[in-house]
Amino acid sequence: MSDDLLERAVAYLLSVLPDPGSDLSAPTPCRGWNTRMLLAHVDESIAALREGLTGGQVRVIAGAPLPNCAGTLHIRSRAVALLDDWANEHPGSVVVFGRLVPTHILATVGALELTVHAWDLAASSPGAPPIPEDLAHELLMVAPELVPIADRWPLFGPPIEPPTTAPADRLLAYLGRTRRTT
């Protein structure tokens with residue numbers, strides 16, 4: 001696993017964030033979630049990662065929906081701050097739900113989370129960039145360890161048949177998602 005996995009995931013997220021002023025009520029591939037709800041979840045994920053990197057512990061975060069005016073610019077700012085946290089000195093391990101986890105594992109989980117939700121944001125935008133192949137390939141190698149088949153609902157659906165053998169399609173299919181084919 002490369003050391004820059006989290007950085008590449010954040011770069012992908014930044015490349016697909018909706019434009020400020022976009023309709024945040026638009027649906028996403030996440031059943032029952034609109035763009036605003038998905039951005040709120042991404043914000044919670046970034047907050048948890050930052051908490052672990054700067055404070056050595058991740059606690060459960062119960063967030064509220066983002067206000068209309070804060071969505072994209074807020075997430076962009078927080079994602080850049082996450083990159084700064086990752087670039088600075090951080091603990092070698094982090095307490096997550098009472099368990100000691102190596103920081104590189106936290107970063108890998110964060111990379112998977114941010115990449116998949118970036119794809120969720122991109123999936124409803126024609127012309128949005130796909131998951132970069134090298135990022136998808138590395139995440140595909142660790143996905144079975146991070147998201148086992150058992151106990152994945154409601155975070156991820158059951159694996160489905162990928163439309164192609166491309167790493168991004170295989171990663172998304174493993175996580176119960178599929179891109180639209182035309």
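Of these, A9, A48, A40, which one is among the hydrophobic types (A, V, I, L, M, F, W, C), in contact with a strand residue (DSSP E or B) (Cβ under 6 Å, 6 or more places away or on another chain) and either part of a helix (DSSP H, G or I) or open to solvent by less than 30 Å² (accessible area, probe 1.4 Å) (or both)?
Testing whether each residue is among the hydrophobic types (A, V, I, L, M, F, W, C), in contact with a strand residue (DSSP E or B) (Cβ under 6 Å, 6 or more places away or on another chain) and either part of a helix (DSSP H, G or I) or open to solvent by less than 30 Å² (accessible area, probe 1.4 Å) (or both) leaves just A48.
Can A26 be described as loosely packed, with under 15 Cβ neighbours inside 10 Å, among the hydrophobic types (A, V, I, L, M, F, W, C), at pLDDT 85 or above and farther than 23 Å from V142 by Cα?
On the way: loosely packed, with under 15 Cβ neighbours inside 10 Å: yes; among the hydrophobic types (A, V, I, L, M, F, W, C): yes; at pLDDT 85 or above: yes; farther than 23 Å from V142 by Cα: yes.
In short, yes.
Taking the stated definitions as given, is S77 open to solvent by 50 Å² or more (accessible area, probe 1.4 Å), among the polar types (S, T, N, Q) and without any contact (Cβ under 8 Å) to a residue 60 or more places away in the chain?
Criteria met by S77.
Looking at this structure, is L83 open to solvent by 50 Å² or more (accessible area, probe 1.4 Å) and in contact (Cβ under 8 Å) with a residue 40 or more places away in the chain?
Against the criterion (open to solvent by 50 Å² or more (accessible area, probe 1.4 Å) and in contact (Cβ under 8 Å) with a residue 40 or more places away in the chain), L83 does not qualify.
Can you tell me which residue within the range 138-165, out of those that are within 15 Å of the chain's Cα centre (by Cα) and free of Cβ contacts under 8 Å to residues at least 60 places away in the same chain, is most open to solvent (accessible area, probe 1.4 Å)? Let's see the steps before the verdict.
From the range 138-165, those within 15 Å of the chain's Cα centre (by Cα) are 138-140, 142-143, 146-147, 155-156; that's our starting set.
Now restrict to residues that are free of Cβ contacts under 8 Å to residues at least 60 places away in the same chain: 140, 143, 146-147, 155-156.
Values: L140: 30, A143: 0, L146: 59, V147: 10, L155: 124, F156: 25 Å².
The qualifying residue most open to solvent (accessible area, probe 1.4 Å) is L155.
Can you find a residue that is open to solvent by 40 Å² or more (accessible area, probe 1.4 Å), at pLDDT 95 or above and under 16 Å from the mean Cα position of the chain (by Cα) anywhere in the range 87-103?
No, there is no match, as no residue in the range 87-103 is open to solvent by 40 Å² or more (accessible area, probe 1.4 Å), at pLDDT 95 or above and under 16 Å from the mean Cα position of the chain (by Cα).
The values are calculated or read from the model by the stated rules, or taken from the named source; none is laboratory data. Since the structure is predicted, the reported quantities are computational estimates derived from the model, not experimental observations. Reconstructed Cβ throughout: ideal geometry from the backbone, glycine too, with neighbour counts over all protein chains shown. Note: areas computed on protein heavy atoms with side chains; ligands, DNA, RNA excluded. Shrake-Rupley method; radii C 1.70, N 1.55, O 1.52, S 1.80 Å.
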